[in-house]
Amino acid sequence: MLTDLPNILTLSRIAAIPLLVLLEAIGAPWADFGAALLFTLAGITDYLDGKLARERAQLSDFGRMLDPIADKLLIGATLMCLVGFGHMPNYGIYPAIVIMLREILVSGLREYLAGIRIGLPVTRLAKWKTGVQMVSLGLLLLGDTGAHFLGLSWLPAGGIGFGLLWLAAVLTLITGWDYLTAGLRHAGAQTSQS
């Protein structure tokens, strides 16, 4: 099970986190580019692991459990690096908090609902939220210095990334509310049956 390619791809996202943190700590333009590239590659593995698992019929409980954990660890570590190393304005902590709290809320809801054998499917809007979030974090990791390193000094990567982070935070609130109300509905139905 651990040697299935989809699970290896999922584990690679977790393995990438220490290197991502190190690159962000260095703070040089080449390191910003490296962190953005590493994050982008990790984001691609998030898409590929599920696709390959379905195509190869390698779906497993381990993979279903590990995939969202790897995503949340990568997103959480990236947000903490961006805030902690000052790669975005101080008030950037607010969308970061919203995103982190929603991730914890949804994880808790899924764990509770799994205990009563109810799934909480990913919505289309939640997929859009994830896409916007991934692009925003990649651009924030690249920053203006990384863009300059690539010869794209005209590109305000940090500003665009920061704007998209706020959009991701708004989508996070909407999808978090949707998941919360769905979870409470299922919990209420379960309680009334008991």
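Taking every residue in the range 26-44 that is in contact (Cβ under 8 Å) with a residue 12 or more places away in the chain and on the phi < 0 side of the Ramachandran plot and pairing it with any residue that is open to solvent by 70 Å² or more (accessible area, probe 1.4 Å) and outside any helix (DSSP H, G or I), at least 6 positions away or on another chain, the pairs with Cβ-Cβ distances below 7 Å are 33/150. Looking across the range 30-79, the residues that are at pLDDT 75 or above, aromatic (Phe, Trp, Tyr) and over 14 Å from the mean Cα position of the chain (by Cα) come down to 30, 33. Selection of first residues in the range 152-168 that are more than 15 Å from residue 130 (Cα to Cα) and in contact (Cβ under 8 Å) with a residue 12 or more places away in the chain and of second residues that are of a type in the set (Asp, Glu) and open to solvent by 40 Å² or more (accessible area, probe 1.4 Å), restricted to Cβ pairs under 6 Å at least 6 apart or on distinct chains, gives the following pairs, ordered by first then second residue: 157/144; 158/144.
For every residue, the table says whether it meets (1) modelled with pLDDT of 90 or more; (2) open to solvent by 50 Å² or more (accessible area, probe 1.4 Å); (3) of a type in the set (S, T, N, Q).
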position	(1), (2), (3)
101	yes, yes, no
119	no, yes, no
139	yes, no, no
151	yes, yes, no
174	yes, yes, no
188	no, no, no
193	no, yes, yes
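Residues in the range 41-63 that are more than 29 Å from residue 139 (Cβ to Cβ) and among the charged types (D, E, K, R): 54, 55, 56, 61.
Here residue 85 clears all of (1) within 16 Å of the chain's Cα centre (by Cα); (2) open to solvent by 50 Å² or more (accessible area, probe 1.4 Å); (3) modelled with pLDDT of 85 or more except the condition numbered (1). When the range 135-158 is filtered for residues that are in contact with an Asp or Glu (Cβ under 8 Å, 6 or more places away or on another chain) and assigned to a helix (DSSP H, G or I), the ones remaining, listed by number, are 141, 142, 143, 145, 146, 149, 157, 158. Within this structure, residue 110 fails the test of being surrounded by 19 or more Cβ atoms within 10 Å (Cβ to Cβ), at pLDDT below 95, under 23 Å from residue 65 (Cα atoms) and out of contact with any His (no Cβ under 6 Å at 6 or more places or on another chain). When residue 71 is tested against (1) of a type in the set (Asp, Glu); (2) without any contact (Cβ under 8 Å) to a residue 24 or more places away in the chain; (3) open to solvent by less than 70 Å² (accessible area, probe 1.4 Å), exactly one condition is not met: (2). Of all the residues in the range 12-22, those that are open to solvent by 20 Å² or more (accessible area, probe 1.4 Å) and in contact with a helix residue (DSSP H, G or I) (Cβ under 7 Å, 6 or more places away or on another chain) number 5. Does any residue of the range 49-63 turn out to be open to solvent by 60 Å² or more (accessible area, probe 1.4 Å) and either within 26 Å of residue 169 (Cα to Cα) or among the β-branched types (Val, Ile, Thr) (or both)? The answer is no, given that none of the residues of the range 49-63 is open to solvent by 60 Å² or more (accessible area, probe 1.4 Å) and either within 26 Å of residue 169 (Cα to Cα) or among the β-branched types (Val, Ile, Thr) (or both).
The values are calculated or read from the model by the stated rules, or taken from the named source; none is laboratory data. These numbers were taken from a predicted model, which means no experiment stands behind them. Heads up, the Cβs are rebuilt from the backbone with ideal geometry, glycines too, and the neighbour counts pull from every protein chain shown. When the accessible area is computed, the model is the full protein with side chains, heavy atoms only, and any ligands, DNA or RNA have been set aside. Shrake-Rupley method; radii C 1.70, N 1.55, O 1.52, S 1.80 Å.
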